[in-house]
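Reading through the structure tokens given below for one structure.
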Amino acid sequence: MAIIIDENTETIVQGITGKNASLHTKFMLEYGTKVIAGVTPGKGGQEVEGLPVYDTVNECLMEHPDVTVSSIWVPPQFAMDAILEAIETGIKTIIVITERIPIHDMLYVRQRSKQRGVTVIGGNTPGVISPGKSLIGMLPKIAFQPGRIGTVARSGAVTYYVANSLNLAGFGESTSVGLGGDPILGANFEDILRLFEKDSETDAVVMAGEIGGVYEEMAAPYIRRMSKPVIAYITGRAAPQGKRLGHAGAIIEGSMGTAQSKIDALKSNGAIIVETLSEIPHLVKEALKNQ
Amino acid sequence: MRLYEHEAKALFRRYGIPVPKGVAVDKHSFNVLAQVAYPVMIKAQVFLGGRGQAGLIQSAHDRNEAEQKIRQMLGKYHGQFPVRKVLIEEKIDIKKEFYVAATIDRFQHKPLIIVSEHGGMEIEEIAKDKPFSILKYYFNPFEKVLPFQTRNIAYALNLRQQHMQRTSEIFVALYNLFLELDCKLTEINPLVLTGKDRFLALDAKVDLDEDAMFRHPELKDLGFVARHEIGEMTDYEKIAKVAGIPYVDMDGDIGVFPGGAGFGIAAVDLIAHYGGKPANFMDSGGAPTPEKLRTMLGLLLENPRVKAIFGARFGGISRCDDWAKAVVQYVLENEPKKPMIMRMAGNMEEEGRRILEQAKQDHPQLFENIRIYAYDTPIEEVIKETIRIAKGI
């Protein structure tokens, strides 16, 4: 199994003719990912890395009906349009690499994706990898090894360092998911934890969060209900403190968003807190022994 | 991006939200004080709340008093914010104060309108003192608010007849501004009922979504450009800002040259955890250009406080070869003496490694103090080594 993507997943690349998208299409193909085609409006009929390019997702799916996952690489001003095109055309999972998408656009994307039962990951995600099976996004393959630990993180590089630190200790990953660094995200920690909890190839989950936002706190109550151990790495304890500005969000979010608030919420719900990357494999080992 | 009160009020006027008559004054424009009708209120233009208690909101009865009080205010600090401008406004006779805001609930992922009939104090205070007076009305993303909805909100605030009509129109206008200009927050606190039975936005807050500025060229035309919102910038922060690099000065001696923001935050934590002192936070953003990387390095190497540099590149969308090229070019051009302890792994690593090895061979003395580790050295070992070197151990 693995979550979200595996060796059978057929996927397309929206915005494939862009510089980064075409380079990473090459990397994805080299990894063995079943990238079937690309879409760039106005560039239908071209080829990128030997793959056909279509003008619309609809036309692409007519030719390749088994595609279930798309990744989005278009500039932020076109991102909502591209994501909604994928949602309306019947794509089931959308991995949004594009960063800095306007907040109101993402609120709308979230609403539509929930209505349609579509999983949106990102924006500003490095992507998703089920090591040895499939890689969608721009994650460096060297950071990951096949194994039985699920990982989910907000930041790209932290995703790589967490896996790196597991691998150096002999562990590997069932799937690693980058949630993305934008303020409003599609999938959040809880969504991904739910998938790992059900996955027969995942024994434990490492989650890496950071200051800002409320996604870590929101996931905490679900961790209490999980049968698998969750090891949590929260960064931002030593971050320079900006002046907190009084604003209306404060009465909704309260004191949430600080590293301490996240650590407290996760700890009190049974997550195992680590302070450094190198502690992660030790505490994973211990947690698995105690299972 | 937060706007100053006088900027937010200019937007309010455009949207038909009534505001007091007023004009912004800085040290070059005292002459406008001749055209103002007295008495007036003088309000320092800073982002932080609590201006009243800090003496940064004052009244003046004539031009002399106004000029004297403005001179005292300009250059003063409120928290870390220097006062560079004041807003001169007609003095308003206040009968009642309300709170109204449009913002985003990040739990529900929905926009909402928040109101209270106890305006005038900070919303956190209202939440503490009069929690039941705070009412929230949720809307769907991009959905316009209709007048009947805001009439119901006004009704809930015990406003009737003409008062209901007028506040309802203000709420619609405020929400339209929130939606149309891609705001994270629009707030009127207080919205006042005056002695002359008018409603006026006495204060104004607007926080724009910087990531949506591309579809609002009109805001740039108004002079609303990116700004630092957490106080006075240091010299290095100013240079970084111009170069488009998120950068915050800290008081340590280890320069942090990370990849993106996420690992930048982690690196600062890890350095502190192992007993070192980070000199800065910074963020390269995704796929930085070699010029940007060179500027980032320059910021650290030129800073006399920095004794050693910790660098890391885990190439995802940012490529190792681009990173290596930037580092090599910087070293060749600037011949830095400070030790640089770094690690490079990820996409295009082989190419990056080749570039570094070649440069080392060609200029061994320039690369004497530069170590660049690979995938098999844990990042924390690189951090510990940097700390040892910075401490001279």
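The values are calculated or read from the model by the stated rules, or taken from the named source; none is laboratory data. Quick caveat: nothing in here was measured; it's all calculated off a predicted structure. Because the Cβ atoms are built from the backbone with ideal geometry, glycine has one as well, and the counts that use them run over all protein chains shown.
Candidates are the residues of region B:188-215 that are outside any strand (DSSP E or B) and closer than 11 Å to B:P20 by Cβ; the one that is nearest to the other protein chains (Cβ to nearest Cβ) is B:D203.
Any residue in region A:227-239 that is within 12 Å of chain B (Cβ to nearest Cβ), within 16 Å of A:A271 (Cα to Cα) and touching a residue at least 60 places away in the same chain (Cβ under 8 Å)? I'd like the intermediate steps shown before the answer.
Here is the first cut: in region A:227-239, the residues within 12 Å of chain B (Cβ to nearest Cβ) are A:233-239.
Now drop any that are not within 16 Å of A:A271 (Cα to Cα), which leaves A:233-235.
From what is left, the residues that are touching a residue at least 60 places away in the same chain (Cβ under 8 Å) are A:233, A:235.
Yes; the residues of region A:227-239 include at least one that is within 12 Å of chain B (Cβ to nearest Cβ), within 16 Å of A:A271 (Cα to Cα) and touching a residue at least 60 places away in the same chain (Cβ under 8 Å).
As a summary of the residue check, B:V306 satisfies the conditions (1) closer than 16 Å to B:A326 by Cβ; (2) surrounded by 15 or more Cβ atoms within 10 Å (Cβ to Cβ); (3) away from chain A (no Cβ under 12 Å) except for the one numbered (1). Go through the residues of region B:312-324 one by one and say whether even a single one is at positive phi, modelled with pLDDT of 90 or more and more than 9 Å from chain A (Cβ to nearest Cβ). Looking for residues that are at positive phi, modelled with pLDDT of 90 or more and more than 9 Å from chain A (Cβ to nearest Cβ), one finds none in region B:312-324, hence no.
From the list A:P131, A:P183, A:P140, A:P146, the one residue that fits, being within 8 Å of chain B (Cβ to nearest Cβ) and either touching a Pro at 6+ places or on another chain (Cβ under 9 Å) or surrounded by 24 or more Cβ atoms within 10 Å (Cβ to Cβ) (or both), is A:P140. When B:Q80 is tested against the conditions (1) buried (at least 16 other Cβ atoms within 10 Å of the Cβ); (2) under 24 Å from B:I123 (Cβ atoms); (3) not small (G, A, S), the lone failure is (1).
Among the candidates B:I355, B:I389, the residue that is touching a strand residue (DSSP E or B) at 6+ places or on another chain (Cβ under 7 Å), part of a helix (DSSP H, G or I) and surrounded by fewer than 23 Cβ atoms within 10 Å (Cβ to Cβ) is uniquely B:I389. Under the condition of being surrounded by fewer than 24 Cβ atoms within 10 Å (Cβ to Cβ) and more than 7 Å from chain A (Cβ to nearest Cβ), the residues counted in region B:258-272 number 0. Cβ-Cβ distances below 6 Å connect the following pairs, each with a first residue in region B:238-252 that is within 14 Å of chain A (Cβ to nearest Cβ), a second residue that is among the basic types (K, R), and a separation of six or more residues or different chains: B:G252/B:K277.
Just a yes or no: is a residue in region B:22-30 assigned to a strand (DSSP E or B) and touching a Lys or Arg at 6+ places or on another chain (Cβ under 6 Å)? Write out each step before concluding.
Residues of region B:22-30 that are assigned to a strand (DSSP E or B), as a first pass: B:22-25.
Pick out the ones that are also touching a Lys or Arg at 6+ places or on another chain (Cβ under 6 Å) and you get B:24.
The answer is yes, given that some residue of region B:22-30 is assigned to a strand (DSSP E or B) and touching a Lys or Arg at 6+ places or on another chain (Cβ under 6 Å).
Quick check: is even one residue across region B:28-51 closer than 19 Å to B:A204 by Cβ, surrounded by fewer than 17 Cβ atoms within 10 Å (Cβ to Cβ) and within 14 Å of chain A (Cβ to nearest Cβ)? Quick ask: steps written out before the conclusion?
First, the residues of region B:28-51 that are closer than 19 Å to B:A204 by Cβ: B:40-51.
Filter once more, keeping what is surrounded by fewer than 17 Cβ atoms within 10 Å (Cβ to Cβ): B:50.
Still in the list and also within 14 Å of chain A (Cβ to nearest Cβ): B:50.
Within region B:28-51, one or more residues are closer than 19 Å to B:A204 by Cβ, surrounded by fewer than 17 Cβ atoms within 10 Å (Cβ to Cβ) and within 14 Å of chain A (Cβ to nearest Cβ).
Going by what's in this entry, would A:I87 be described as modelled with pLDDT of 95 or more, of a type outside the set (G, A, S) and under 19 Å from A:L193 (Cβ atoms)?
On the way: modelled with pLDDT of 95 or more: yes; of a type outside the set (G, A, S): yes; under 19 Å from A:L193 (Cβ atoms): no.
When the stated conditions are applied, A:I87 does not pass them.
Candidates B:G255, B:G275: the one that is farther than 24 Å from B:V83 by Cβ, more than 9 Å from every other protein chain (Cβ to nearest Cβ), modelled with pLDDT of 85 or more and surrounded by fewer than 18 Cβ atoms within 10 Å (Cβ to Cβ) is B:G275.
Kindly evaluate B:L185 against the criterion of being within 14 Å of chain A (Cβ to nearest Cβ) and assigned to a strand (DSSP E or B).
Details: within 14 Å of chain A (Cβ to nearest Cβ): yes; assigned to a strand (DSSP E or B): yes.
Here the answer is yes, as B:L185 does meet what is asked.
Restricting to region A:88-104, count the residues that are within 14 Å of chain B (Cβ to nearest Cβ) and either in contact with a Gly (Cβ under 9 Å, 6 or more places away or on another chain) or within 13 Å of A:Q115 (Cα to Cα) (or both). Residues meeting the conditions: 7.
If you filter region A:33-48 down to residues that are assigned to a loop (DSSP other than H, G, I, E, B) and either within 25 Å of the chain's Cα centre (by Cα) or aliphatic (A, V, I, L, M) (or both), you find that the one that is nearest to A:P140 (Cα to Cα) is A:T33.
From the list A:R116, A:R154, pick out the single residue that is touching a Gly at 6+ places or on another chain (Cβ under 8 Å) and basic (K, R). Can you show your working first?
Details: A:R116 fails: touching a Gly at 6+ places or on another chain (Cβ under 8 Å).
Testing whether each residue is touching a Gly at 6+ places or on another chain (Cβ under 8 Å) and basic (K, R) leaves just A:R154.
Counting the residues of region B:72-96 that are free of Cβ contacts under 8 Å to residues at least 40 places away in the same chain and charged (D, E, K, R) gives 1. Only a single criterion out of (1) free of Cβ contacts under 8 Å to residues at least 24 places away in the same chain; (2) aliphatic (A, V, I, L, M); (3) under 24 Å from B:I245 (Cβ atoms) is not satisfied by B:I393, namely (3).
Those strands (runs of 3 or more DSSP E) of region B:64-144 in which 2 or more residues are at the interface with chain A (Cβ under 10 Å from one of its Cβ atoms) and not basic (K, R) occupy B:94-105, B:110-116. Exactly one residue among A:T175, A:T119, A:T98 is surrounded by 24 or more Cβ atoms within 10 Å (Cβ to Cβ), closer than 22 Å to A:V206 by Cα and modelled with pLDDT of 95 or more, and that residue is A:T175. Being closer than 26 Å to B:L181 by Cβ and either assigned to a loop (DSSP other than H, G, I, E, B) or touching a helix residue (DSSP H, G or I) at 6+ places or on another chain (Cβ under 7 Å) (or both) is a property that holds for B:R51.
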